Amino acid sequence: MPNKTLFNSDHLPILKKQLHTIFDQLTFAEIIQGNAPEKYTWLSICAQAVGYGDWDDLKAQAVTHHGPTHNILFNQASIIPFIQSVRVNLGEHIDNIEGFTHVILRNLTTEELNAMNGNKEELPPLPKAPTSYTLELGPNTAYARDLLDWLWPRTKNYQVDPINTQYLAHMKEKRMSLSKSQAKERALDVYPHSGMLIRDILEQLISENYLDLNDDQRCVTFTRKGLNYLNGKMTNEYDDQWKEWFKAFAAHLKKIPYRYIKIDWTPYIDLYARGMSPIEAAKSLEWSECYTQAHSEIQSAIKHQLDIHLPQYPNERYLQFTPRIFLTPELTSNKVTDIHFEFIGPDWAKPNGNLKTKRFWPNKRYVSVHLETSPKSRGWYAVIPDEVDCFQVSYKWTSQSHSFASVTHHMTYQLEPNIECAQDWLYGNECMKHSDSSKLAMAADEYSFNRLECLTHGKHLTNEEIVALDRFKAGITSIHIDENGVIIHEERTLTASNSFACVGIIL
């Protein structure tokens with residue numbers, strides 16, 4: 001777990017006043033709603049958010065601690081995890097994360113502001129108390145309410161075509177043994193070509209701002225209004241029964257490495273709505289075999305390559321380089337020894353040994369690399385220096401028999417911490433590929449390619465169609481292709497992950 005923030009006893013009055021002011025401003029702006037906790041309880045909630053048992057524990061440790069302290073509670077990496085912990089301990093689905101953040105920023109100590117290179121004049125304004133209230137009663141018709149209920153809890157990128165077929169089957173099953181008049185009376189008269197059409201119901205949900213339709217009109221996603229309505233409905237507006245369940249669930253979840261409460265609580269509310277106990281719900285989120293296998297393989301590879309025995313929560317950041325190239329079909333017969341890879345980059349990023357090319361997948365068009373001493377581990381690992389947040393590397397692929405022209409892939413990487421989990425430490429493309437389950441993993445891959453046909457599958461596409469391809473949208477900024485070869489420029493933002501979530505390394 002991350003190190004506690006250490007305070008000296010002289011700083012405690014300043015810290016207490018800071019936290020009390022934050023509490024007062026959050027309640028005034030109604031960011032914290034319902035039955036607000038007593039101020040002592042609030043202090044304990046804040047102490048727990050930074051690793052203490054309660055406020056008395058924080059005070060006791062401040063009095064007895066005689067080592068160096070920095071007295072900084074808030075920095076760029078700690079604000080969101082702090083808010084997350086407060087939300088969990090309150091059991092309130094605080095929706096206004098931005099407003100909460102602004103309140104914290106307006107109450108930074110001088111030391112905290114200086115450490116963040118901040119300027120008081122540039123701080124955001126304090127959020128104001130609401131002047132009007134909306135009582136959310138849900139969609140206007142039973143048809144729309146039923147469809148919205150059926151779509152939940154899958155809240156992102158739900159394809160319209162499957163909705164049509166699956167919801168029609170669902171309605172057909174609900175109508176079993178009912179007459180037509182009975183079906184209509186219960187708003188079950190949803191048919192392919194008569195009665196109420198799914199297309200019309202979706203249009204109603206979109207017009208009432210419960211769903212959004214994506215740009216290509218193929219998928220729907222819940223809006224914030226839609227999520228708030230259904231999540232509130234499923235928890236009886238986050239009542240005491242929910243709060244008791246959620247606190248117990250969060251305590252069990254905390255025992256699972258790298259499982260943490262995310263900003264969107266919909267998956268947890270789903271477990272609650274299904275009647276699972278807190279411990280059953282937490283167990284359902286334990287890492288399955290493929291994830292524990294990825295964790296073991298990454299630990300083993302780092303020990304073998306860098307002679308570093310990783311603790312469960314490393315203090316250093318690591319980057320997993322996994323370059324690969326996607327070749328045109330006629331090159332699958334090329335021996336892998338014909339394909340040469342060269343890495344150009346800063347010294348800290350260079351592999352700790354010689355690299356060899358290898359086909360790791362049944363699809364022989366893909367070629368990747370491994371260290372000569374680690375033939376089973378794709379790519380290589382490097383320790384990221386503390387001061388590095390952005391850097392450039394180049395991957396160069398050539399054929400010794402000149403069966404394809406050289407491919408030079410210039411990559412610019414921007415590194416960002418995971419604002420939901422400050423413990424995350426591992427960066428790389430394989431971490432990013434599986435970070436959003438609503439997208440195909442390959443859509444986020446960063447593979448090189450020797451011909452444009454590798455992306456277009458032989459079709460003639462316009463420039464606009466090419467730029468719209470997933471592979472381009474993933475980060476490619478320019479491509480130059482001529483008789484001398486292919487030059488690709490790409491920019492990627494890598495968000496910190498961990499050895500469990502980086503399951504792509506074994507897939």
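The values are calculated or read from the model by the stated rules, or taken from the named source; none is laboratory data. Owing to the predicted nature of the structure, the values given are computational and were not obtained by experimental measurement. Every residue, glycine as well, gets a Cβ built from its backbone with ideal geometry; the counts of neighbours run over all protein chains shown. Side chains included, ligands, DNA and RNA excluded: accessible areas come from the protein's heavy atoms. Shrake-Rupley method; radii C 1.70, N 1.55, O 1.52, S 1.80 Å.
Looking at Glu136, is it part of a loop (DSSP other than H, G, I, E, B), under 20 Å from Trp42 (Cα atoms), of a type outside the set (Phe, Trp, Tyr) and touching a residue at least 24 places away in the same chain (Cβ under 8 Å)? The answer is no for Glu136. The residue pairs whose first member lies in the stretch 284-297 and is aliphatic (A, V, I, L, M), whose second member is part of a loop (DSSP other than H, G, I, E, B) and open to solvent by less than 70 Å² (accessible area, probe 1.4 Å), and whose beta carbons are closer than 6 Å, counting only pairs six or more residues apart or on different chains, are Ala294/Cys502.
Sub-7 Å Cβ pairs linking a first residue in the stretch 41-57 that is closer than 15 Å to Phe23 by Cβ to a second residue that is part of a loop (DSSP other than H, G, I, E, B) and open to solvent by 30 Å² or more (accessible area, probe 1.4 Å), at least 6 apart or interchain, are Ser44/Asp54; Ala47/Asp54; Gln48/Asp54, ordered by first then second residue. Do we have any residue at all in the stretch 207-214 that's over 27 Å from the mean Cα position of the chain (by Cα), loosely packed, with under 15 Cβ neighbours inside 10 Å, on the phi < 0 side of the Ramachandran plot and modelled with pLDDT of 95 or more? Yes, because at least one residue in the stretch 207-214 is over 27 Å from the mean Cα position of the chain (by Cα), loosely packed, with under 15 Cβ neighbours inside 10 Å, on the phi < 0 side of the Ramachandran plot and modelled with pLDDT of 95 or more. The single residue among Ile104, Ile83, Ile94 that is free of Cβ contacts under 8 Å to residues at least 40 places away in the same chain and open to solvent by less than 30 Å² (accessible area, probe 1.4 Å) turns out to be Ile83. When the stretch 13-52 is limited to residues that are in contact with a Lys or Arg (Cβ under 8 Å, 6 or more places away or on another chain), assigned to a helix (DSSP H, G or I) and open to solvent by less than 20 Å² (accessible area, probe 1.4 Å), the one that is nearest to Val103 (Cα to Cα) turns out to be Phe23. If you go through the stretch 364-378 and keep only what is open to solvent by less than 80 Å² (accessible area, probe 1.4 Å) and either out of contact with any Phe, Trp or Tyr (no Cβ under 9 Å at 6 or more places or on another chain) or modelled with pLDDT under 95 (or both), you end up with Ser374, Pro375, Ser377, Arg378. Here Gly195 passes the criteria (1) open to solvent by less than 40 Å² (accessible area, probe 1.4 Å); (2) at positive phi; (3) in contact with an Asp or Glu (Cβ under 7 Å, 6 or more places away or on another chain) except the one numbered (1).
Could you tell me which residue of the stretch 401-411 is nearest to Arg324 (Cα to Cα), considering only residues that are open to solvent by 40 Å² or more (accessible area, probe 1.4 Å) and in contact (Cβ under 8 Å) with a residue 40 or more places away in the chain? Give the derivation first.
Here is the first cut: in the stretch 401-411, the ones open to solvent by 40 Å² or more (accessible area, probe 1.4 Å) are 401-403, 405, 410.
Subsequent filtering for residues that are in contact (Cβ under 8 Å) with a residue 40 or more places away in the chain retains 401, 403, 405, 410.
Working: Ser401: 19, Ser403: 17, Ala405: 16, His410: 13 Å.
The selected residue is His410.
One residue stands out among those in the stretch 459-507 that are polar (S, T, N, Q) and open to solvent by 60 Å² or more (accessible area, probe 1.4 Å): the one that is nearest to Lys376 (Cα to Cα), which is Thr493. Selection over the stretch 58-77 of residues that are more than 16 Å from His11 (Cβ to Cβ) and either open to solvent by less than 60 Å² (accessible area, probe 1.4 Å) or small (Gly, Ala, Ser) (or both) gives a count of 1. A residue that is in a loop (DSSP other than H, G, I, E, B), touching a Leu at 6+ places or on another chain (Cβ under 7 Å) and within 25 Å of Ala250 (Cα to Cα) cannot be found anywhere in the stretch 53-66.
Which one of these is at pLDDT below 90 and assigned to a loop (DSSP other than H, G, I, E, B): Glu92, Glu121? Of the residues listed, the single one that is at pLDDT below 90 and assigned to a loop (DSSP other than H, G, I, E, B) is Glu92.
If you go through the stretch 160-192 and pick out every residue that is within 25 Å of Lys225 (Cα to Cα) and open to solvent by 70 Å² or more (accessible area, probe 1.4 Å), you end up with 2. With respect to Thr398, is the statement that it is over 21 Å from Glu430 (Cα atoms), open to solvent by 20 Å² or more (accessible area, probe 1.4 Å) and part of a strand (DSSP E or B) true? Yes.
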